[in-house]
Each structure stands twice: as C-alpha cells, then as structure tokens.
Amino acid sequence: MRVVAVAAVSTVVALGGLSTACAVTEQEHMVGSSVEVRWSIPEDMRLTVPLRWAVVWPARVAEAAGAEGAEGEGAEDESIGFALVADGLVISEVFDIPLSVPDASLWTAAMPVESLLLGGKLTTVCYRPRILLYLDHDHSGGFAPSFFGGAGEDQVVAIDGDGGSICFLPDLESALQGGGLEFTDTYYAMTDRRFTPFVRVIAYGADLLMDREVSPLELRLADSPVPGMDLACMRAVYGSRSPSIFATSRVSAFVDTPLETGTFCGPIFPECQAISFEAMDIPDVSSLDNGTDLRVAQCRTAERVEVLVVQQARLECEDCSCFTVAHSDVYFAEPSALPSWWPCGDTVLVCESDLPLYTLDPQCLQEPASE
Amino acid sequence: MPSMAKRGPTSSGVCRPMLSFVLTLCVIQGAVNASTVGEVFNDGRDAWSLHDQKLMNRQLRKQIDNEDQSFRVGRDLGIVTVAADGGIGAQAAMPNSALSRFHGFFLLDTYWALQVLQGLDVNLNLNILNPSASDGYRFSSQTNAGVGLHLHREVATIAGAPLTLDFVGIDLDVVTLGQGLLIERVPLEGHAASLDYRGVELRELFAGRSFWFDDDVQTLSLSALDGAIEMLAVIWLTDDLLPGMASSFQVESDPEVTVPRVAAYYLGASAELELDEHLRVAVEYSGRVRPPVLKNAVMARVDLLYRDLLPTWRRVALHVGYQFRFYQRGFGPRDTLVTPTGLPNLPTREDAYVTNSIEYFAVSKYFDQWSHTVMAEADVSVFANLELFGEAEYWLRALDDPKPGSKRVAYVDRFGRAPGQNDEFYYKIGLRWLPWGDLPHRMSVFAGNKFVASLYDATIPDSRRFDHDPLIGVEAEVFL
C-alpha cells in the first residue's frame with residue numbers, strides 16, 4: 001500500500017487504542033473486495049490529460065512539526081490530510097478498483113466517522129473511503145491535489161457521493177453479532193454472499209444504509225470544483241453540486257429595432273435595450289453542460305413577436321459552499337423581419353408554452369420520450 | 001428378542017402386577033403424568049425420559065383413570081372430568097447470574113373435559129399464571145385458554161377389527177412429528193385427523209403457527225405397528241420475505257400488504273425399535289425436496305430407561321440417552337434468515353430437552369449442522385418421602401459452511417460465531433420432599449441452569465427457549 005499524505009501518515013494520530021486493534025485481529029481472515037466502477041463524461045467536457053482513479057482516505061494527521069517528539073500534544077497538532085491507498089490509470093469505461101482492508105492506524109484516524117443502520121435503531125461505525133477520478137495534470141502518475149495543504153495540480157473530476165459509495169466496517173464481527181440474523185442475511189444479500197468489510201451504501205438522512213451491488217458504481221465527470229471540494233470538505237459541501245438552469249436569474253432583454261421597446265421593456269426587465277439584431281454580435285445558443293457551466297436556449301412565439309431565451313448558469317464554490325449564478329438574455333424579434341442568424345426553429349427548439357415569454361419551460365427541456 | 005412396540009414404556013405397566021402397597025411407590029416413581037404417554041391420540045410428549053409429563057388437553061379421563069392417578073379429585077364426576085397441576089416457584093440468583101422471567105410465579109394448569117356424547121369430548125385447558133411477583137400485585141396475572149374438540153369413533157368394522165376415526169382441533173397441545181426431526185414437543189393449534197385400522201394409521205395434521213409468525217405446517221403420515229414405523233410428508237409454508245423484512249412484517253403487519261407464500265416440501269420416514277422394555281432406538285430421515293436439489297436431515301436416538309432400577313433396595317429411576325442430529329445446509333423451511341420463536345413460554349417447557357429442531361432452523365440457510373447430545377435424568381429416594389433428583393444434558397454442536405470458497409460468518413444465539421463448534425451443558429439437581437408419601441404433591445429445592453425464558457407475557461413469541469444462568473429454585477407443586 002502506497003501512502004501519500006500532506007504529513008506522513010505514519011504519524012497518524014488517534015491510534016484508537018488496544019480495543020480497536022483487538023477488533024481487527026478478529027477479522028484477519030477477512031478478504032478485501034473490489035468495486036466495479038463505470039464512468040461517464042458530459043458531451044462538453046474534453047479530456048486533455050490522463051484520467052486516473054484513486055482510493056483515498058481523508059484522515060486526521062499530525063503536523064510534521066508537531067509529530068517530532070511532540071506525542072500527545074493534543075488536537076492543535078492535528079490537521080486533515082489523506083492517505084492514498086490505491087491509484088491507477090483509467091483504461092476502460094467499466095473497471096474494477098481493488099479495496100484492501102486498511103491498517104487500524106489508518107481507519108481509526110479516518111474522517112468522518114459515520115454510522116450504518118443495521119436494523120431498527122442499531123447502528124455500527126462505518127468509514128467511507130473516497131473513490132475518485134482525477135486528471136493527472138502534472139503527469140506524475142500519482143494523485144497530487146492542490147488542497148489538504150498540497151501544491152499539486154491534479155483536478156478531481158468525479159467522486160463517489162451519497163447516492164452510492166463504499167463503506168468500511170472496522171468491526172464487522174460485532175456488527176454481525178449485534179445486528180442479529182436478519183442483519184446477517186441482509187448483509188450477505190447485499191455483498192453477494194461475500195464476507196467482506198466493504199459494503200455498498202447509500203445515505204439515509206444522517207445514517208447510511210446498505211445497498212445491493214447490482215450495478216457498477218456510477219461516477220460522472222464534471223469540469224467543476226465540486227468533486228475536489230467534496231473530498232477536501234469531508235463530504236460536507238453545502239448548496240448546489242451542479243449548476244441549475246432554474247436558479248434565480250438576472251434577466252437582460254434585447255428588443256430588435258423594428259419593435260417598440262415600450263411594448264416589452266418594463267419592471268420585469270431592469271436591463272432592456274433596443275438594438276439591431278442584424279448588427280449585434282450573434283449570441284451563442286449552443287447547449288453547454290460541463291459540470292460548471294450550463295447554457296440552454298429556447299424559443300417562444302406569440303402573436304406579433306418571436307422570443308429567444310438564452311439562459312446561462314455557472315456553479316461557483318467557496319469554503320465548502322456552492323451556489324449557482326444564473327443569467328438570462330431574452331431577445332424579442334419581429335416575426336416578419338427576423339435577423340439572418342435567428343436560430344428559432346432551426347438550431348433552437350420552439351416551445352409551445354403558456355408560461356411567460358421570457359422564461360424557460362421545463363417541459364420543453366425534457367428529452368422526448370422514445371417510441 | 002427385539003420387538004416393535006407402541007411408543008414409550010408406561011409405569012402403569014410396571015405397577016399393575018404389584019401389590020397394593022407398592023402402588024404408593026408407583027405414584028411417586030418417575031415423572032408425573034407419565035403413565036399414559038403415547039396412549040393419547042397424537043401424543044407429542046416424550047415417553048423416553050424422566051421429565052415430568054404435563055397432561056394433554058384431550059382424553060383426560062383416559063389419562064387419569066389409571067391407578068397411579070387415583071389422587072386426582074376430579075376423575076369421578078360423571079360426564080365431566082377435571083384435573084389440575086398447580087405450582088408456585090421462586091428463584092435465587094447466584095453471583096453474576098440473572099433471574100429468569102418465572103422467578104416468583106404460580107401456574108395452575110387446569111384441564112376440563114366434557115363428554116358431550118359417546119366419542120365426542122369438549123376439552124378446555126386453562127393456564128392461569130403469574131410469571132413474576134415482582135411486577136406488582138396480580139399485575140401480570142393472565143389466563144390462556146385452549147379448547148380442543150375431540151371426535152373419536154369407530155366408523156366401521158372390517159374383518160372383525162375396528163376402523164377408528166379421530167379428529168381434534170384446534171388445540172393440538174404438544175405435537176411431535178415423527179421422532180422429532182422437524183417438530184418436537186411444540187404446543188400448536190390447528191387440527192389433526194386420523195384413520196386407524198389394526199395399528200396402521202393415516203394421519204393428517206395442520207398447524208397454524210409453529211416456529212414463525214407466518215408459517216403453516218401441513219402434514220400427512222402413514223404409520224404402522226402402532227406408530228413404530230412411519231412415513232411423513234410435510235408442506236411447510238412461510239411468507240416469501242426478503243432479507244431483513246421479517247421484523248418489520250412481524251411488528252407492523254399491514255393487511256393491505258400481501259406477501260407471496262413459499263412452500264418447503266419434505267418427505268421422510270422414521271422408525272422406533274424397542275429392544276426391550278428399557279432400551280429403544282429411534283431413527284428419522286427427512287429430505288427437503290426442491291428438484292433437482294435434495295437437502296437431507298437425519299436423527300438417531302438411543303434411550304435406556306429404568307423407572308425402578310433397584311427394586312430390592314430403594315427406588316432408583318434412571319434414564320440415559322444419546323441423540324445425533326444432522327441438518328444439511330438449506331434443509332430448513334425458509335430461505336431467509338429469520339430466527340424461529342416459540343410460545344407459550346411456560347415452565348412446563350423445562351420438561352423437554354434443549355436439543356430441539358427449532359434450534360437448527362435459524363441458520364439452516366448457511367450451514368451444515370451436526371450435533372451430539374447426551375441426556376441423563378435420575379430420581380433416587382434417599383429417605384422416606386425424600387428423593388434426590390437430577391438431570392443433565394450435554395449438547396455438542398458444529399456448524400460448517402460447505403460451500404466451496406465461502407467464508408460466511410454468522411452469530412447464532414447461544415452458539416456464538418459460526419462456522420465453528422460449541423458445546424453446552426445443562427443441569428438441574430436438587431431434593432424433592434413429598435410430605436404425603438402416597439401422594440405426589442411435593443416441594444423441591446434445586447440448582448440448575450435451564451429455566452424457561454419468557455418475555456413479559458408468556459404468549460409473546462421469544463427466540464430464546466431457555467435462560468442459562470445458574471440459579472437456585474424452590475418450587476411447590478400439587479396435582480389435583
């Protein structure tokens with residue numbers, strides 16, 4: 001096991017005491033496991049550097065300075081780092097990631113400590129290693145991010161989430177003992193009859209529930225700060241994880257010169273201007289969704305006007321919080337004098353809707369049902 | 001010369017030729033109510049042990065008409081027959097042990113039989129009990145009733161021999177199928193019907209709840225030589241629950257939710273060979289048929305029983321037995337791990353062995369199970385009206401997952417970590433005083449580690465059959 005950390009993981013604090021060490025000795029015969037992963041990429045995202053996978057344990061680590069001869073100095077010497085326990089090059093759309101039973105010194109320092117529901121009100125301690133995909137910008141062949149105090153360039157582009165992840169049960173024996181036979185039966189049903197401390201889980205409120213391993217763990221790439229922040233913030237990222245096209249928008253209106261500005265401008269559009277559509281810069285109406293930026297265009301028609309709505313949203317993150325900044329440009333054109341670049345009915349769908357002309361109708365954004 | 005015989009020796013058979021003064025000894029010798037075990041229709045009691053035998057809730061007059069039951073005050077009341085076994089008991093804990101639920105109890109086990117017509121009896125068994133005086137004055141007193149309608153008629157005479165019909169329902173009282181490989185000494189409700197001709201009996205039995213909240217057991221058996229050999233077919237129905245669903249269904253059964261039923265089919269045979277009046281061998285095989293798969297189980301039991309081992313010295317009763325059981329992985333009736341539960345949880349359960357099929361069905365889905373059990377009971381009269389009694393059971397169990405490469409682990413109640421091997425030892429030893437030497441009423445003080453386990457009410461299903469902490473028990477019993 002190769003270990004990488006901001007501070008050497010050999011100095012991992014909170015060894016957990018003899019009791020936890022004893023618990024692990026009961027599991028010596030346990031086998032490791034593996035998780036099958038399938039990844040996908042948005043249409044608008046391009047890979048220009050090698051894509052690699054990694055299994056990472058966020059953990060409390062001792063600061064290097066404090067670790068030298070400073071044993072037991074307390075929490076002031078601790079910080080959050082990570083241990084890299086497996087790393088590899090992604091070579092196929094679906095692949096297996098090996099999971100090995102971590103040393104007690106590692107999982108007793110792992111963060112956060114979570115609880116797995118065994119049934120009823122019974123829970124057991126559980127730790128989720130992070131399974132991530134990253135862009136190896138420095139071509140080092142190893143995960144070196146910019147956070148956790150590191151100075152690397154690698155960008156996390158996908159990471160397991162609450163909808164599907166792997167949890168490590170450090171004391172599986174006690175869980176089986178305390179959970180009773182019903183939990184035991186559920187456990188083996190979920191692990192495909194394997195006696196392994198790694199189980200697939202989904203989040204259920206503040207707890208975790210076991211999930212059946214019927215399909216690969218889905219990881220969707222995003223050219224977004226969220227995956228990296230999710231790792232750095234110990235899963236505690238607040239707000240949006242992807243840009244929302246329906247976020248509160250600032251709306252700008254543009255009225256083609258043949259039309260009367262006063263007919264369209266008003267309190268709804270603080271920014272409203274008359275402009276010759278033929279002379280203006282052609283707006284970009286191409287769809288965009290790369291995990292951070294989102295652009296959607298939609299056309300609407302009325303009795304004496306055609307409307308083009310271009311909404312752009314961008315995910316912005318800071319200090320473990322993310323939010324969407326959205327902006328709409330609404331173009332009003334005379335149907336009988338449309339500019340040459342007018343995309344409605346051509347590259348942009350015309351939506352029949354009763355909603356206000358300057359809004360996007362979500363009904364028209366849905367994929368048409370297949371016959 | 002070995003002979004096949006109807007199950008179980010009877011103490012009355014031993015007593016009959018003796019002089020009247022010896023009857024006094026017969027009254028107190030051996031287990032209470034043991035004399036007619038095996039003679040009652042569909043009798044699930046164990047004739048080959050020195051455990052006390054409760055009365056059965058049918059054919060009450062037949063059970064107490066024997067000379068050794070002459071102390072019964074309600075046996076000569078015309079068309080009504082009444083009997084009652086009553087007892088009170090208390091416990092004292094030893095260091096680091098906990099009292100069982102019945103640590104300050106009374107139990108009045110009453111039987112009422114009304115002969116409506118010749119061959120038609122209405123039987124009422126009322127268990128009036130209070131499991132614990134610690135709950136408050138009469139706070140947990142309860143009465144549980146069981147009614148058994150018993151029809152028994154000769155329906156025809158064929159070649160000079162009668163063809164008899166028996167039907168009983170719904171209180172079946174204690175039920176044993178075959179030699180106990182599937183169900184042994186479990187109180188059940190349902191119905192049983194049989195036709196018997198010259199010792200050849202065709203019997204059908206339905207039980208509405210045996211080991212789980214959702215199971216039904218349907219059986220058809222054909223026996224000969226008064227039950228010495230028997231073929232048995234069983235359909236064991238359960239809800240088709242997904243793993244982890246049992247508790248939620250058990251606690252919050254929703255009538256709107258219908259769960260599909262799934263059946264386990266069994267075919268088997270058993271035989272009981274009485275080598276002499278003191279020695280018998282019993283075997284049983286059963287296979288769970290799920291083509292093309294057959295899962296097997298087998299048991300064998302040997303018993304050596306003396307109700308009066310040293311008649312020229314003083315009364316010594318002795319039983320020594322051995323039983324072997326094997327249940328192949330997947331033999332159990334359900335394919336989801338759901339711990340079986342039993343009820344009612346009454347002190348009379350202590351008159352059965354811990355070794356019981358119910359203990360093997362919890363993890364049958366995962367493990368092959370073997371066990372060897374040695375049983376022994378003894379009663380020795382020490383002085384006049386004072387006897388020493390004791391019982392012991394050593395149970396060695398092994399669980400193994402035969403699936404190649406499988407490393408599955410499960411924790412089983414009272415066994416611990418499986419796969420593995422475990423042994424348990426149960427005992428009870430004490431002194432019994434019979435103040436009226438010619439009557440069985442008695443007081444006992446004993447030490448033991450086999451006490452019936454119960455939740456708050458005796459009728460709440462409990463996966464634990466026994467509490468195993470060592471305790472001192474004091475009991476007083478009357479037999480009316």
Discussion item. Here's a check for you: in the range B:383-410, which residue that is among the basic types (Lys, Arg) and within 14 Å of another protein chain (Cβ to nearest Cβ) is surrounded by the most Cβ atoms within 10 Å (Cβ to Cβ)?
Written reply: B:Arg408
Worksheet item: Considering A:Leu181, A:Leu176, A:Leu172, which residue is over 24 Å from A:Trp107 (Cα atoms) and within 11 Å of chain B (Cβ to nearest Cβ)?
Response: A:Leu181
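Quick one: which of B:Leu241, B:Leu232 is modelled with pLDDT under 95 and either exposed (fewer than 14 other Cβ atoms within 10 Å of the Cβ) or not small (Gly, Ala, Ser) (or both)?
Details: B:Leu232 fails: modelled with pLDDT under 95.
Checking each option against the conditions leaves just B:Leu241.
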Item to complete: Sort out which residues of the range B:434-461 are within 21 Å of B:Asn356 (Cβ to Cβ) and surrounded by fewer than 20 Cβ atoms within 10 Å (Cβ to Cβ), and write them in order of number.
Response: B:Asn449, B:Ala453, B:Leu455, B:Thr459, B:Ile460, B:Pro461
Worksheet item: Given the conditions (1) touching a residue at least 60 places away in the same chain (Cβ under 8 Å); (2) within 14 Å of chain A (Cβ to nearest Cβ), which single one is not true for B:Val363?
Response: (1)
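Go through the range A:339-371 and count every residue that is of a type in the set (D, E, K, R) and modelled with pLDDT of 90 or more. Don't jump to the end; show me each part of the working.
Keep residues of the range A:339-371 that are of a type in the set (D, E, K, R), which gives A:346, A:352, A:354, A:361, A:367, A:371.
Then drop every residue that is not modelled with pLDDT of 90 or more, which leaves A:352.
Selection size over the range A:339-371: 1.
For the structure I just gave you, tell me whether B:Tyr427 is within 22 Å of B:Asp303 (Cα to Cα), assigned to a strand (DSSP E or B) and not basic (Lys, Arg).
On the way: within 22 Å of B:Asp303 (Cα to Cα): yes; assigned to a strand (DSSP E or B): yes; not basic (Lys, Arg): yes.
In short, yes.
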Worksheet item: Which condition breaks for A:Cys272 when tested against (1) in a loop (DSSP other than H, G, I, E, B); (2) free of Cβ contacts under 8 Å to residues at least 24 places away in the same chain?
Response: (1)
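Among the candidates A:Ser140, A:Ser115, single out the residue that is surrounded by fewer than 17 Cβ atoms within 10 Å (Cβ to Cβ), assigned by TED's automatic domain parsing to the domain that holds A:Thr48, assigned to a strand (DSSP E or B) and not acidic (Asp, Glu).
Working: A:Ser140 fails: assigned to a strand (DSSP E or B).
Matching residue, one of A:Ser140, A:Ser115: A:Ser115.
Working carefully through the options A:Val61, A:Val13, A:Val56, A:Val37, find the one that is under 30 Å from A:Val157 (Cα atoms), buried (at least 17 other Cβ atoms within 10 Å of the Cβ), at pLDDT below 50 and β-branched (Val, Ile, Thr). Walk me through it before giving the result.
On the way: A:Val61 fails: at pLDDT below 50; A:Val56 fails: at pLDDT below 50; A:Val37 fails: at pLDDT below 50.
Answer to the check: A:Val13.
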Discussion item. Just to be sure before I move on: is A:Val24 modelled with pLDDT under 50, buried (at least 20 other Cβ atoms within 10 Å of the Cβ) and part of a loop (DSSP other than H, G, I, E, B) in the structure I sent?
Written reply: no
Item to complete: Check B:Ala93 against each of (1) modelled with pLDDT of 70 or more; (2) crowded, with 20+ Cβ neighbours inside 10 Å; (3) out of contact with any Lys or Arg (no Cβ under 8 Å at 6 or more places or on another chain) and name the one condition it does not meet.
Response: (2)
Worksheet item: Would you say A:Cys322 is surrounded by 14 or more Cβ atoms within 10 Å (Cβ to Cβ) and out of contact with any Gly (no Cβ under 7 Å at 6 or more places or on another chain)?
Response: no
Fill in: Count of residues meeting criterion [closer than 30 Å to B:Phe383 by Cβ, touching a Phe, Trp or Tyr at 6+ places or on another chain (Cβ under 9 Å) and not in a strand (DSSP E or B)] in the range B:437-460
6
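Would you call A:Pro243 touching a residue at least 12 places away in the same chain (Cβ under 8 Å), more than 14 Å from chain B (Cβ to nearest Cβ), over 21 Å from A:Leu294 (Cα atoms) and part of a loop (DSSP other than H, G, I, E, B)?
On the way: touching a residue at least 12 places away in the same chain (Cβ under 8 Å): yes; more than 14 Å from chain B (Cβ to nearest Cβ): yes; over 21 Å from A:Leu294 (Cα atoms): no; part of a loop (DSSP other than H, G, I, E, B): yes.
So A:Pro243 fails the test.
Out of all the residues in the range A:294-330, which are under 16 Å from the mean Cα position of the chain (by Cα) and touching a residue at least 40 places away in the same chain (Cβ under 8 Å)?
Initial filter on the range A:294-330 (under 16 Å from the mean Cα position of the chain (by Cα)): A:294, A:314-324.
Result: A:Leu294, A:Arg314, A:Leu315, A:Cys317, A:Cys320, A:Ser321, A:Cys322, A:Phe323, A:Thr324.
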Discussion item. Suppose we keep only residues that are within 12 Å of the chain's Cα centre (by Cα) and part of a loop (DSSP other than H, G, I, E, B) within the range B:347-382. Which one would you say is surrounded by the fewest Cβ atoms within 10 Å (Cβ to Cβ)?
Written reply: B:Val354
Worksheet item: Could you say whether any residue in the range A:164-179 is crowded, with 19+ Cβ neighbours inside 10 Å, of a type outside the set (Val, Ile, Thr), within 16 Å of B:Pro243 (Cα to Cα) and touching a residue at least 60 places away in the same chain (Cβ under 8 Å)?
Response: yes
Discussion item. Tell me yes or no: at least one residue of the range B:299-313 is polar (S, T, N, Q) and either under 20 Å from the mean Cα position of the chain (by Cα) or modelled with pLDDT of 95 or more (or both).
Written reply: no
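Kindly evaluate B:Asp413 against the criterion of being surrounded by fewer than 18 Cβ atoms within 10 Å (Cβ to Cβ), more than 9 Å from chain A (Cβ to nearest Cβ) and within 23 Å of the chain's Cα centre (by Cα). Steps first, please.
Working: surrounded by fewer than 18 Cβ atoms within 10 Å (Cβ to Cβ): yes; more than 9 Å from chain A (Cβ to nearest Cβ): no; within 23 Å of the chain's Cα centre (by Cα): yes.
It is false that B:Asp413 is surrounded by fewer than 18 Cβ atoms within 10 Å (Cβ to Cβ), more than 9 Å from chain A (Cβ to nearest Cβ) and within 23 Å of the chain's Cα centre (by Cα).
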Worksheet item: Quick one: how many residues across the range A:97-114 are in contact with a Leu (Cβ under 7 Å, 6 or more places away or on another chain) and of a type in the set (Ser, Thr, Tyr)?
Response: 2
Fill in: Top-ranked residue of the range B:388-402 - restricted to ones that are of a type in the set (D, E, K, R) and modelled with pLDDT of 95 or more, ranked as nearest to B:Ser444 (Cα to Cα)
B:Glu391
Worksheet item: Take the residues of the range A:184-211 that are part of a helix (DSSP H, G or I) and within 15 Å of A:Thr124 (Cα to Cα): which is farthest from the other protein chains (Cβ to nearest Cβ)?
Response: A:Tyr187
Practice prompt. State which residue pairs qualify: first residue part of a loop (DSSP other than H, G, I, E, B) and inside the range B:461-480, second residue acidic (Asp, Glu) in any location, beta carbons under 9 Å apart, and separation of 6 or more residues or different chains.
Written response: B:Ser463/B:Asp413; B:Arg464/B:Asp413; B:Arg465/B:Glu359; B:His468/B:Glu424; B:Leu480/B:Asp85
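Condition check ((1) touching a His at 6+ places or on another chain (Cβ under 8 Å); (2) more than 14 Å from every other protein chain (Cβ to nearest Cβ)) across all residues:
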| residue | (1), (2) |
| --- | --- |
| B:Arg290 | no, yes |
| B:Pro311 | no, yes |
| B:Val316 | no, yes |
| B:Gly330 | no, no |
| B:Thr336 | no, no |
| B:Pro340 | no, no |
| B:His372 | no, yes |
| B:Ala376 | yes, yes |
Discussion item. Exactly one of these conditions fails for B:Phe105: (1) at pLDDT 95 or above; (2) surrounded by fewer than 18 Cβ atoms within 10 Å (Cβ to Cβ). Give me its number.
Written reply: (2)
Discussion item. Any residue at all in the range B:63-80 that's under 22 Å from the mean Cα position of the chain (by Cα), surrounded by 18 or more Cβ atoms within 10 Å (Cβ to Cβ) and touching a residue at least 60 places away in the same chain (Cβ under 8 Å)?
Written reply: no
Worksheet entry | Selection from the range A:118-137 of residues that are among the hydrophobic types (A, V, I, L, M, F, W, C) and either away from chain B (no Cβ under 14 Å) or under 14 Å from A:Asp160 (Cβ atoms) (or both) | A:Val125, A:Cys126, A:Ile131, A:Leu132, A:Leu133, A:Leu135
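The values are calculated or read from the model by the stated rules, or taken from the named source; none is laboratory data. Owing to the predicted nature of the structure, the values given are computational and were not obtained by experimental measurement. Neighbour counts run over all protein chains shown; Cβ positions are idealised from the backbone, glycine included.
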